[in-house]
Structures are given as structure tokens and as C-alpha cells.
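K.L.:
Quick one: this structure, given as C-alpha cells, is what I'll be asking you about.
Coordinate-derived values only; no laboratory data. Predicted, not measured: the structure shown is a model, and the values here were computed from it. Glycine also receives a Cβ, built like all others from the backbone with ideal geometry; neighbour counts cover every protein chain displayed.
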Amino acid sequence: MAELIKNGVFLKNGREILTDCAVSKDEARKNTLAYGILSAHNVSGDESNLQIKFDALASHDITYVGIIQTARASGLKEFPIPYVLTNCHNSLCAVGGTINEDDHVFGLSAAKKYGGIYVPAHQAVIHSFMREMMSGCGKMILGSDSHTRYGALGTMAIGEGGPELVKQLLNKTYDVARPEVIAVYLTGAPRAGVGPQDVALELIGAVFESGFVKNKVLEFVGDGIANLPIEYRNGIDVMTTETTCLSSIWETDEETERYYINHGRPEDFKKLSVNGVAYYDGMVKIDLSKVECNIALPSHPSNVYSINELCQNADVILKEYGLLDKLGADGKIHCDQGVIAGCAGGTYDNLCAAADILKNGSIGNGAFALSAYPASQPVYMELIRNGFASELMASGVTLRTAFCGPCFGAGDVPSNGGLSIRHSTRNFPNREGSKPGQGQRASVALMDARSIAATAANGGILTPASSLNVNYTPSAYRFDDTVYKNRLYKGFGKADPDAELQFGPNIKDWPSMPALSDDLILRVASVITDAVTTTDELIPSGETSSYRSNPEALSEFTLSRKDPEYVGRAKAVRALNSDRSDAALNGFYAAVKAKGFASPENALIGSTVYAVKPGDGSAREQAASCQKVLGGMANIAKEYATKRYRSNLINWGMLPFTLDCDENALPFDNGDFIFVPGIKEAVRSGATSVKAYVGSAMKEITLNLPPLTDDERTIILCGCLINYYRDTM
């Protein structure tokens with residue numbers, strides 16, 4: 001069980017917790033690894049308010065088209081730093097006909113025109129490639145995928161929405177207040193059968209609900225690190241996204257150095273260690289020897305139980321999650337499918353361990369199926385050379401190429417009512433590919449590859465790997481980048497301005513977006529009172545990914561699985577700007593004038609969404625941009641789940657309001673008008689709250705607008721990031 005220390009902690013040499021210290025907190029903060037790396041990349045000259053320039057960028061094929069289109073509209077001439085375009089999300093072309101491959105053709109043409117690095121489909125998942133080829137101790141990498149995490153390799157990486165990458169492409173900065181740093185203090189060594197996902201789920205389960213590490217940096221320290229192989233560390237690290245932290249960083253050692261030597265980049269290693277006394281804003285202590293084989297039940301990685309606890313209390317726990325039908329007459333929990341995939345599951349070590357468990361065995365010829373996706377072609381090749389691939393295949397496992405689909409709902413869809421156990425990153429609703437609107441429902445639980453293999457060996461009956469007596473075969477990984485040399489386009493520094501971008505028929509420009517008016521009229525188009533709203537619920541993943549190069553087409557899916565009437569309501573609000581004959585609108589105009597405000601007809605009209613805590617999960621900018629395409633001008637929330645979602649709202653010119661009000665006593669409902677007078681001046685002047693008036697009764701409320709940077713205020717005033725660059729460059 002993880003122990004949380006919520007007060008500040010002084011730590012000496014990354015090992016000794018001090019109860020008394022003569023060093024000041026401010027001075028000791030400077031000894032954290034995070035402080036040093038952030039400071040080295042900060043160009044603001046202000047230690048508190050950072051302006052970060054990154055060393056490299058990364059995107060995949062459901063984000064890079066929109067990013068390049070935005071940057072192109074804003075004056076892009078050449079990629080100023082290495083920008084990797086991978087093709088690991090829309091690798092399959094079963095949905096949307098040719099449009100996925102059209103995006104890939106566009107990506108290669110953009111790499112040639114602007115000087116990018118292009119990784120063709122099936123070669124590597126984005127984060128595996130970035131670890132293998134682009135990480136480096138002390139570096140910082142920004143990616144348009146929330147699981148951009150390479151901290152175990154000494155690289156501070158951050159996942160954000162696409163507009164933040166656009167800023168870097170246009171030689172601007174990533175602006176953030178210096179984050180607090182939380183120490184993750186590891187001791188002991190994991191027991192046999194306990195894998196990196198088990199440790200990661202232990203961490204997520206301990207911190208998510210309280211928001212203890214939200215928007216902070218996790219710094220991994222302690223003598224337990226030395227007991228973890230490098231891929232084990234990577235497997236824990238990539239899942240830190242699910243804690244809602246901003247980034248992560250680990251101490252590095254000889255094990256880290258071996259990774260860089262093995263990958264032909266010894267110059268990218270540097271020993272990172274906490275020397276002297278460092279101050280942390282809190283600590284999570286984990287004794288690795290006490291971590292059990294865990295499972296995260298639907299539909300969040302924080303719904304964590306030990307597998308033993310679940311099996312012992314199956315009737316009670318499964319009922320709570322609507323999975324009681326998975327409890328067989330034999331009193332055991334029966335799973336329908338297993339998947340080991342992506343940046344979290346598809347590592348060499350995980351697949352070797354699964355092969356050891358299944359060696360000379362079988363997953364059976366019943367309903368249970370298991371598929372595995374090596375995270376890169378070099379990993380796949382080494383599994384073939386060492387015989388682990390054939391061991392897996394002989395047992396009945398289906399081996400596939402590098403693909404992120406099972407992580408976001410575009411691969412290995414189980415049967416209706418099925419329970420899929422996965423070593424992937426998320427188990428949000430519909431990440432298994434089901435369509436509840438059409439009566440198709442399934443569930444995903446997260447587990448480690450070892451326990452998935454143990455369950456497979458037991459015919460689909462849920463089984464912790466720690467209960468098996470397995471001879472795990474040590475097998476050193478030999479990285480071979482021959483396939484990359486033969487297939488990748490490496491164009492950084494070789495931009496060709498005369499190269500033509502290749503546009504498929506689905507690739508569309510962003511529609512024009514209005515600037516903020518002096519006054520604003522909002523009409524509520526959706527009210528969501530769930531405790532947390534994920535980006536998957538704001539804009540679904542899976543099959544909709546094929547339309548992410550077409551803003552208008554994609555916007556049709558906005559909130560489709562949470563509030564199917566939203567799109568129609570939002571379009572109706574958008575139409576009021578061109579046809580103001582609506583009786584309800586004119587009645588509201590009269591109420592505004594009666595309150596003493598002149599000329600409400602000059603106000604821009606936009607829709608708004610209320611959610612208690614929106615934006616958990618993916619970095620996808622489309623969760624915000626689709627609302628803006630439909631005429632959205634604001635979100636109202638009790639709080640925002642992540643910095644990246646709030647940043648996405650701002651970059652698409654939407655006001656990120658908060659409201660101090662219980663969700664059961666909201667002052668508005670769907671269809672209500674809200675008048676926000678003087679909003680343009682309020683944003684310009686840096687006001688942190690504004691008065692607003694609801695409905696014909698003109699009920700006064702206060703909308704909070706927590707501090708914005710100068711650039712953020714200007715972006716909102718301009719209407720979106722594209723307008724900002726068009727107007728200021």
C-alpha cells in the first residue's frame with residue numbers, strides 16, 4: 001500500500017528523510033532533478049513563471065494533420081526542432097475507407113516539406129520510438145499524446161494538446177507556473193510475478209481521487225529504483241499520466257546507461273541524482289516488496305483492487321461494477337479476452353515474461369483469446385530471434401504489429417457483454433470499442449502482462465501471476481535499428497519548401513472563428529453532473545479518429561456518448577449569430593435592456609458546456625476544438641481535471657470559467673441564456689472574475705476566470721491560436 005506524505009519533505013541524497021533541516025525550502029527546492037531540467041529549458045528569466053523551449057516534439061496520426069494545418073495557417077516555414085510523426089493510431093483503414101492512409105501520405109509530404117522525421121505505420125508506437133531514438137538525460141520532449149512520458153530515461157516529457165506543439169513549431173514557448181514536485185520514494189524489490197503495471201496501478205489508486213499530484217511533477221527516488229530493470233521503470237513511468245501529474249523524472253544509473261549504450265546513443269546518457277538536501281512538496285512512499293498483482297476495474301485506472309482481494313470478495317465487488325455475470329458457478333471470475341499492447345504493455349520484457357508463463361502451455365480453445373502487440377519492429381525482431389515469438393504463438397497468442405488501437409478503442413473488440421483484461425494505458429468507457437448507443441457494451445480492466453498471461457494459461461479464469469511457480473528466463477535485449485534505417489524518412493534539417501503537401505479529400509482547413517466581442521451571450525448546450533468527465537466522453541475515441549483531419553465532420557461526434565442532443569443544440573446556438581429572429585433570444589435581449597445594458601444585439605452568441613470536472617485523460621485538442629467549431633465560446637466547470645484540457649480551451653479561444661457552486665444547485669439549465677457584459681475588457685485587464693446574468697430573470701452569478709498569461713489572454717481575445725498568429729506575426 002502506498003503511503004502519502006502530504007506535507008513538505010526534506011530528502012538527503014535521494015535516500016534519507018530528514019525531520020529537521022537547516023537548509024531553507026527555497027534553496028532545497030533547487031536540488032530536485034525537476035528544478036534543474038526545467039530551469040535549463042526556461043527562457044523567461046523568471047524562476048516562478050516558466051517559458052519552456054523543448055528539445056523535440058512528437059505526434060501520431062490522429063493529431064499531426066491538425067497541428068500542421070494550424071501551424072501552416074499561422075505562417076510555418078520549417079520545423080525548427082526535431083518533430084517525429086508516427087503512424088500508430090490510424091494504422092488500420094477499416095473505418096472511413098482511404099482517409100486514414102490519406103493522412104499518412106499527408107504526413108510524409110509534410111515531413112519532406114518542413115523537415116520532419118516520419119515513422120511509417122506498424123513500425124513503432126509513438127512512445128516506444130521516442131524512448132528508443134529521441135530520449136536523452138536532461139532533455140525535454142513535448143508530445144500531442146497524454147502518455148508522453150520518458151522520465152525513467154532521464155527525460156522530462158509532457159503530453160499536451162496540439163496547439164502547444166504549434167507554439168513550439170513557430171518558435172514560441174510553453175508557458176507554465178513552476179510546478180510543485182512530489183517525490184515517489186521507492187524501496188524494496190518486486191516479488192516474482194508482480195510487474196510494472198501492478199506498481200503503476202498502486203500509485204494511481206493512491207493519488208488520483210484526492211488530486212494529490214495534479215499538475216505536479218513526480219520525481220522517482222529511493223534505493224528501490226536499482227532493483228528495477230529499465231523497461232520495468234518505463235512501464236511504471238508511462239502510466240504516471242493517469243495520476244494527472246504534469247510530468248515525471250527518475251534518477252538515472254548504470255541500468256539507464258546500459259539502455260543508451262544498447263540503443264547506440266551513449267552520448268545521451270548523463271547520471272541524474274539528487275545530491276545534498278532536496279525539498280519536495282509531498283511524497284508517495286511505495287515498498288515494492290509489498291505490491292501485489294493488481295487489477296483496475298472499469299472504467300478508470302484508479303479503480304484498483306489486488307486480484308486476490310477481488311477474487312475473495314467477487315460477489316460484492318463485481319456487483320458494484322455491473323460485472324456479476326463474470327462470476328461463474330464455480331465461484332471464479334471468467335474473462336473473455338486478453339490484450340498486451342502499446343507503450344505500456346508491448347515492451348520486450350513484458351512479452352518475454354508472458355512467453356515464460358505460457359511456455360509449453362495453451363490459452364485453450366474456448367472463448368478466451370489473447371493478442372499481443374510488440375511496441376516496435378525492433379522489439380518484434382528480437383522476440384523472433386530469441387524464440388519468444390514462437391513460444392507465444394504456439395500457445396495460441398495472436399501476435400500483431402505495433403499499434404495503439406487497443407488503448408483507445410480501435411482494435412480487439414470483444415463480444416457484447418465481454419470483459420477484456422488489458423495491459424494498456426486506459427480503461428475508460430468505450431476504450432474496448434463497444435457502441436452503447438447501438439446496444440453494444442463491453443468492459444476493460446487493466447492488468448499487468450504477467451497476470452494476463454497467467455489468466456490465459458488458466459483458460460480465462462482470473463489469476464494473479466504471483467500465484468504461479470514460473471522460471472522466468474533472463475534474456476538480454478539487443479536493439480537493432482536496421483528496420484528504422486530502411487523505412488524511416490529522416491528529414492530534420494532538410495526542409496524542401498518546393499515540396500507539395502498531399503491532401504486527401506477528408507483533410508480540411510479549420511473554419512474561420514470569430515474574435516471575442518465586448519459583451520458575450522452564452523447559451524447552455526449541455527449540463528454534465530458526473531464527478532469527472534473524460535476527454536473520451538467529450539469527443540469519443542475509436543472509429544471517430546478517422547475524421548480528425550476534418551474539423552466539421554469530427555464535430556458531429558461531440559459528446560455523442562454523453563449527451564447525444566448536444567450537437568443539435570450547439571448548432572442552433574451558432575445559427576443565432578446569422579438569424580437573430582429567435583423569439584427566446586429576443587425575449588432575452590429585452591431582459592438585458594431592462595437591466596440597464598445597451599445594445600445586447602452586438603454581443604457574440606456562443607454555446608457553453610457545464611461539467612463538474614472535465615478533461616481527464618487524453619491530451620486530444622479535439623475535445624475543445626470540436627466545441628469551438630460548433631460555435632462554443634466557453635466551458636463552465638467546478639474545476640478542470642488537467643492543465644492540458646484547460647490549455648486546449650484557451651488555445652481554441654474558449655473561456656475556461658469556473659463556478660463556485662454545487663452541481664445540484666446550478667443557477668442555469670440547458671437552453672438558458674447567460675449574458676456576460678464587458679468580457680473583452682475583463683480578459684484584457686486580467687480580471688479573475690466577472691458578473692454574469694442568467695435567463696429572463698437576469699439572476700446575477702459570478703464566473704471565475706483564474707489567472708491567464710499575457711499570451712493566453714490575447715489568444716482568447718483573438719478567438720483562437722490561428723487568429724492570434726495571423727494577427728500578431
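K.L.:
Using the basic label-point model (7 angstrom from Cα toward the beta carbon), what is the Ala189 to Asp662 distance in nanometres?
P.N.:
Spacing of the two 7 Å Cα→Cβ label points: 5.3 nm.
K.L.:
Taking K and R as +1 and D and E as -1, what net charge do the other residues with C-beta under 14 Å from the C-beta of Thr535 add up to?
P.N.:
Net of charged neighbours comes to +2.
K.L.:
Could I ask something else about it? Okay, helix-only estimate at 222 nm for the chain: each DSSP H run of n ≥ 4 adds -39500 (n - 2.57), divide by all residues, round to 500 deg cm²/dmol; what do you get?
P.N.:
For the chain, the value works out to -8000 deg cm²/dmol.
K.L.:
Assuming a viscosity of 0.890 mPa s and a temperature of 25 °C, what translational diffusion coefficient in µm² per second does Stokes-Einstein assign to the range 199-279, Rh being the Kirkwood radius over Cα pairs?
P.N.:
Using the Kirkwood radius from Cα pairs, D works out to 177 µm²/s.
K.L.:
Report the semi-axes of the equivalent ellipsoid for the range 510-604 in whole Å, largest first, where each axis is √(5λ) for an eigenvalue λ of the Cα gyration tensor.
P.N.:
Its equivalent ellipsoid spans semi-axes of 31, 16, 12 Å.
K.L.:
Between Asn602 and Gln440, what is the FRET efficiency for a Förster distance of 60 Å, r being their Cβ-Cβ separation, to the nearest 0.05?
P.N.:
Taking R0 as 60 Å, the efficiency between Asn602 and Gln440 is 0.80.
K.L.:
Cα extents of the range 619-658 along the three principal axes, largest first, in whole Å?
P.N.:
Projected onto the principal axes, the Cα atoms of the range 619-658 cover 23, 19, 12 Å.
K.L.:
On a C-alpha basis, how far is the centre of the range 73-137 from the centre of the range 41-63 in Å? Whole number, if you could?
P.N.:
The range 73-137 and the range 41-63 have Cα centres separated by 19 Å.
K.L.:
Then there's this: Which pairs, out of Lys30/Lys216; Lys30/Lys139; Lys113/Lys508; Lys53/Lys490; Lys290/Lys359; Lys435/Lys638, put more than 25 Å between their alpha-carbon atoms?
P.N.:
In this structure, Lys290/Lys359; Lys435/Lys638 exceed 25 Å between Cα atoms.
K.L.:
Another one. Given a cut-off of 22 Å, what percent of all Cα-Cα pairs of the range 635-729 lie beyond it?
P.N.:
Value for the range 635-729: 31 percent of Cα pairs lie more than 22 Å apart.
K.L.:
On to the next question. Once a ≥ b ≥ c are taken as the square roots of the eigenvalues of the Cα gyration tensor of the range 472-536, is the result rounded (a/c under 1.5), prolate (a/b larger than b/c) or oblate (a/b not larger than b/c)?
P.N.:
Note, shape of the range 472-536 comes out oblate.
K.L.:
Can you put Leu186, Leu50, Leu85 in order, fewest other beta carbons within 10 Å first?
P.N.:
The order, fewest Cβ neighbours first, is Leu50, Leu186, Leu85.
K.L.:
Nearest 0.05, what FRET efficiency do Ala583 and Thr709 give at R0 = 60 Å with Cβ-Cβ as r?
P.N.:
Result of the calculation: an efficiency of 0.90.
K.L.:
Which of rounded, prolate or oblate describes the range 520-728 when judged by the alpha-carbon gyration tensor and an a/c cut-off of 1.5?
P.N.:
Rounded shape, in that the Cα axes give a/c under 1.5.
K.L.:
Give, in nm to one decimal, the length gained when the segment between Val105 and Asp315 is fully stretched (0.36 nm per residue of separation minus the Cα-Cα distance).
P.N.:
Contour length minus Cα-Cα distance gives 70.5 nm.
K.L.:
Run the Debye formula on the Cα coordinates of the range 54-172, all scatterers equal and no solvent, and tell me log10 I(q)/I(0) at q = 0.10, 0.16 1/Å.
P.N.:
Evaluating at q = 0.10, 0.16 Å⁻¹ gives log10 I(q)/I(0) of -0.27, -0.69.
K.L.:
Would you calculate the separation in nanometres between label points at Ala531 and Asn416, each defined as 7 Å from the Cα along the Cα-to-beta-carbon direction?
P.N.:
About 3.1 nm, to one decimal.
K.L.:
What is the spin-label model distance, in nm, from Arg385 to Ile5 if the labels are put 7 Å beyond Cα along the C-beta direction?
P.N.:
4.4
K.L.:
Now for a separate question. Sorted from fewest to most neighbouring beta carbons within 10 Å, what does the list Glu712, Glu432 look like?
P.N.:
The most exposed by this proxy come first: Glu712, Glu432.
K.L.:
What Kirkwood Rh does the range 307-482 have if only Cα atoms enter the pairwise 1/r average? Answer in Å.
P.N.:
Here the Kirkwood hydrodynamic radius works out to 16.3 Å.
K.L.:
Another question about this same structure. So for the chain, taking the charge dipole from beta-carbon charges (+1 Lys/Arg, -1 Asp/Glu), which of Gly282, Asn664, Leu38 sits furthest toward the positive end?
P.N.:
Ranked along the dipole, the leading option is Leu38.
K.L.:
Something else now. Restricting the calculation to Cα positions, tell me the Rg (one decimal) and the Dmax (whole number) of the range 573-684 in Å.
P.N.:
According to the Cα coordinates of the range 573-684, Rg and Dmax are 14.9, 44 Å.
K.L.:
In addition: For a test of the definition: using alpha carbon positions, the gyration tensor, and the 1.5 limit on a/c, classify the range 119-223 as rounded, prolate or oblate.
P.N.:
oblate
K.L.:
OK, next. No solvent, one uniform scatterer per C-alpha: report log10 I(q)/I(0) for the range 403-520 via the Debye equation at q = 0.13, 0.14, 0.22 1/Å, two decimals.
P.N.:
One equal scatterer on each Cα of the range 403-520 leads to -0.89, -0.93, -1.19.
K.L.:
At R0 = 25 Å, how high is the FRET efficiency between Leu92 and Ala572 if r is their beta carbon distance? Nearest 0.05 is fine.
P.N.:
0.10
K.L.:
At 1.306 mPa s and 10 °C, plugging the Kirkwood radius over alpha-carbon pairs of the chain into Stokes-Einstein gives what diffusion coefficient in µm²/s?
P.N.:
My calculation gives 61 µm²/s for D.
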